[in-house]
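Trainee: The structure under discussion is supplied below as structure tokens; questions concerning it will follow.
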Amino acid sequence: MGAEKPEPIDVRLICATNLPQERLADPNIFREDLLYRINTVEIALPPLRDRKEDIPLLLQHFAAFYSQKYNLPSKRLSAAVIERLTQWDWPGNVRALRHAVERAVILSESDLMGLADFPLAEAKVSEKPADEVSRLELVEKAAIARALEHHHHNISRAAAALGLTRTSLYRRMEKYGL
């Protein structure tokens, strides 16, 4: 920029969105011509709850990263913490996990972080083992997810379609990590 002669450059553009591609094709949401210029290779990244094997590595990475960032002694995670946090669905995905680890690193008074350093996980981990989740709960969660997607996460419309109040829908969304 600012030069009088053109300079060749090699650029890679990486974009991310949480909107479905069909919504991006709507000209009121996003410029269609720009979408087709940047959408050469699409990589679908499943939510963290579907990649539980990534959680222990991410926990250790963020613990080391934030220990160094805040110039603190190296923080380790107990086996109980890793096991418990791996069970959690992480509705905020990697961002929520990263934030929880950052908070724990900052507030932990020990080099070995325990469950008490992660009150977020304590409050949200289901007490039921995965094999005891009822079929009805799975069906209800799927129905809520479909209604939210269909109504573009408009809570009022999704609640009306499901025959629920907004408050009831919010409660169920929290219960299922949606």
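Trainee: With bins 10 Å wide starting at 0, give me the P(r) of the range 1-76 over every alpha carbon pair, in whole percents.
Mentor: 13, 24, 23, 25, 13, 1
Trainee: For the chain, what's the relative contact order in percent, using C-alpha pairs closer than 8 Å and at least 6 residues apart?
Mentor: Values: 132 pairs, mean separation 26.5, N = 178.
Relative contact order for the chain comes out at 15 percent.
Trainee: Between T17 and E42, how many nm apart are label points set 7 Å from Cα along the C-beta direction?
Mentor: Rounded to a tenth, the inter-label distance reads 1.0 nm.
Trainee: Relative to the compact globular guide of 2.2 N^0.38 Å, what is the alpha carbon radius of gyration of the chain, as a ratio?
Mentor: 1.34
Trainee: Ranked highest first by the average count of other Cβ atoms within 10 Å around their residues, in what order do 11-21, 85-95, 159-169 fall?
Mentor: Averaged packing, sorted descending, gives the order 85-95, 159-169, 11-21.
Trainee: Write out the GluC sites (Glu not before Pro) in the range 27-93 meeting two conditions: DSSP loop, and at most 14 other Cβ atoms within 10 Å of their Cβ.
Mentor: Those that pass, being in a loop and sparsely packed, are E42.
Trainee: Work out, step by step, the length gained on full extension between A145 and F65: first 0.36 nm times the residue separation, then minus their alpha carbon distance; give nm to one decimal.
Mentor: Stretched fully, the A145-F65 segment lengthens by 25.4 nm.
Trainee: Here's something else I'd like to know. Using a 1.4 angstrom probe on the protein heavy atoms only, could you order R98, R23 from most to least accessible area?
Mentor: R98, R23
Trainee: Oh, and also: So what's the net charge close to N93: Lys and Arg +1, Asp and Glu -1, counting the other residues with Cβ under 11 Å from its Cβ?
Mentor: That sum, taken over residues with Cβ under 11 Å, equals +1.
Trainee: Hey, how many Å between the Cα centroid of the range 138-177 and the Cα centroid of the range 47-97?
Mentor: Answer, in whole Å: 29.
Trainee: Can you tell me the FRET efficiency between L34 and H152 if r is taken as the Cβ-Cβ distance and R0 is 22 Å, rounded to the nearest 0.05? List each step's numbers first, then the result.
Mentor: Values: r = 21 Å, r/R0 = 0.94.
So, using R0 = 22 Å, E works out to roughly 0.60.
The values are calculated or read from the model by the stated rules, or taken from the named source; none is laboratory data. Keep in mind that this is a model prediction, so the values were computed, not measured. All Cβ positions, glycine included, derive from the backbone under ideal geometry; neighbour counts span all protein chains shown. When the accessible area is computed, the model is the full protein with side chains, heavy atoms only, and any ligands, DNA or RNA have been set aside. Shrake-Rupley method; radii C 1.70, N 1.55, O 1.52, S 1.80 Å.
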